[in-house]
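Structure, as structure tokens:
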């Protein structure tokens with residue numbers, strides 16, 4: 001066996017141009033596939049993070065069924081014990097309580113229906129980019145800056161226009177509280193925003209949660225607690241851990257897939273298209289490898305015919321050729337991994353910012369400027385290497401079959 005390995009290794013470098021051609025084909029296939037998968041994964045992760053930071057966060061703690069039918073009655077007490085359970089999870093990077101209520105905002109003779117989201121501005125910074133979506137004025141004051149002042153409200157810019165009001169004006173907010181009583185209060189408009197979410201932008205408004213809780217007779221109750229994690233890949237694990245500790249409380253942890261079903265459906269469609277593209281790419285690459293390997297074998301039929309005439313068995317010759325091809329495959333996959341990981345890491349460290357008209361449209365609707373980025377993971381390298389290895393082995397069958405069926409005399413006469 002050692003002799004066969006030595007012969008195969010020496011034969012590999014006897015014709016360097018031929019060997020480099022096969023290795024280059026495999027390197028190209030491995031690196032291109034890896035870069036495509038990494039860029040897709042990185043861009044998808046960026047899109048999910050942008051969507052989550054646009055409104056919902058990556059995870060929310062809620063009452064069961066709140067996603068389908070959000071009402072004040074599906075609220076719970078955000079106790080210190082619950083806050084401690086969340087903060088003690090090492091994978092959680094931030095949490096923020098929320099209240100969502102439907103109401104009416106009036107200014108002079110004009111009234112508009114609104115969906116008011118009560119938030120804690122300080123804690124919300126770790127979850128979403130609400131404070132960065134301000135188009136005029138400023139976001140809600142927080143902490144001691146707000147205490148004792150007139151309640152503040154931030155309205156979506158078209159709502160402000162429909163009210164015929166301006167920043168600094170006071171409006172009347174009318175809502176039905178947790179106890180069923182219709183309450184009203186004055187609030188001062190401090191800013192306008194545009195998040196890019198059509199549903200929220202049509203009738204959205206922000207207020208400080210500490211203003212809404214007494215106004216809605218909620219006391220310490222909230223509708224949801226939005227949670228962020230440092231690594232989006234940890235979302236399933238964090239969701240499972242939270243559900244385990246929340247089970248006795250009657251609450252559930254809901255991941256972004258349930259909170260933003262449209263994003264999940266869009267990503268499934270995109271991943272299906274990417275899968276078809278990868279299959280086509282791998283098939284094309286497989287034929288390229290087959291052509292290179294077949295050329296490597298057939299150009300030595302005369303040599304093979306001579307060694308067969310000298311008494312070498314077909315199986316031994318095929319094993320030597322297989323080892324030689326195997327060496328080329330391993331070297332090609334190794335080089336492909338180096339090239340693929342290197343380019344992927346460069347794109348990860350230096351994302352490609354998409355400019356021009358597309359960037360202006362994104363900015364106009366409150367989205368982050370679109371970028372093409374990458375993700376570097378061991379799983380992608382292993383999956384890509386395994387796929388190229390399988391395709392390369394499949395591509396070996398026909399050339400080796402030709403070697404096994406080669407007749408010595410025909411091999412010597414082959415030109």
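The values are calculated or read from the model by the stated rules, or taken from the named source; none is laboratory data. These numbers come from a predicted model, not from an experiment. Neighbour counts run over all protein chains shown; Cβ positions are idealised from the backbone, glycine included.
Listing for the model above:
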quantity	calculated
Condition check for residue 315: loosely packed, with under 12 Cβ neighbours inside 10 Å, touching a helix residue (DSSP H, G or I) at 6+ places or on another chain (Cβ under 9 Å) and either at pLDDT 80 or above or assigned to a helix (DSSP H, G or I) (or both)	yes
Residues satisfying the stated conditions in segment 11-49, i.e. at pLDDT below 75 and part of a helix (DSSP H, G or I)	11, 12
Any hit, segment 43-62, residues being farther than 24 Å from residue 89 by Cα, in contact with a strand residue (DSSP E or B) (Cβ under 8 Å, 6 or more places away or on another chain) and outside the structural domain of residue 221 (by TED's automatic domain parsing)	yes
Extreme residue, surrounded by the fewest Cβ atoms within 10 Å (Cβ to Cβ), among residues of segment 98-112 that are touching a helix residue (DSSP H, G or I) at 6+ places or on another chain (Cβ under 6 Å) and in contact (Cβ under 8 Å) with a residue 60 or more places away in the chain	107
Pick from segment 280-302, criterion closer than 15 Å to residue 12 by Cβ and in contact (Cβ under 8 Å) with a residue 40 or more places away in the chain, ranking: farthest from the chain's Cα centre (by Cα)	299
Within segment 88-97, tally of residues that are in contact with a helix residue (DSSP H, G or I) (Cβ under 8 Å, 6 or more places away or on another chain) and part of a strand (DSSP E or B)	5
Condition met for residue 70 (modelled with pLDDT of 90 or more and outside the structural domain of residue 352 (by TED's automatic domain parsing))	no
Unmet requirement for residue 123, which otherwise passes all of (1) surrounded by 18 or more Cβ atoms within 10 Å (Cβ to Cβ); (2) not in a loop (DSSP other than H, G, I, E, B)	(1)
Residue list for segment 302-312, filter: in contact with a helix residue (DSSP H, G or I) (Cβ under 6 Å, 6 or more places away or on another chain) and modelled with pLDDT under 75	304
Per-region count, segment 7-20, residues farther than 19 Å from residue 393 by Cβ, within 42 Å of the chain's Cα centre (by Cα) and in contact (Cβ under 8 Å) with a residue 24 or more places away in the chain	1
Test: residue 292 is assigned to a helix (DSSP H, G or I) and buried (at least 18 other Cβ atoms within 10 Å of the Cβ)	yes
Helices (runs of 4 or more DSSP H) (entirely within segment 321-415) containing at least 2 residues that are modelled with pLDDT of 75 or more, over 20 Å from the mean Cα position of the chain (by Cα) and under 18 Å from residue 286 (Cα atoms)	378-404
Residue within segment 56-66 that is under 30 Å from residue 267 (Cα atoms), surrounded by 15 or more Cβ atoms within 10 Å (Cβ to Cβ) and modelled with pLDDT under 85 present	yes
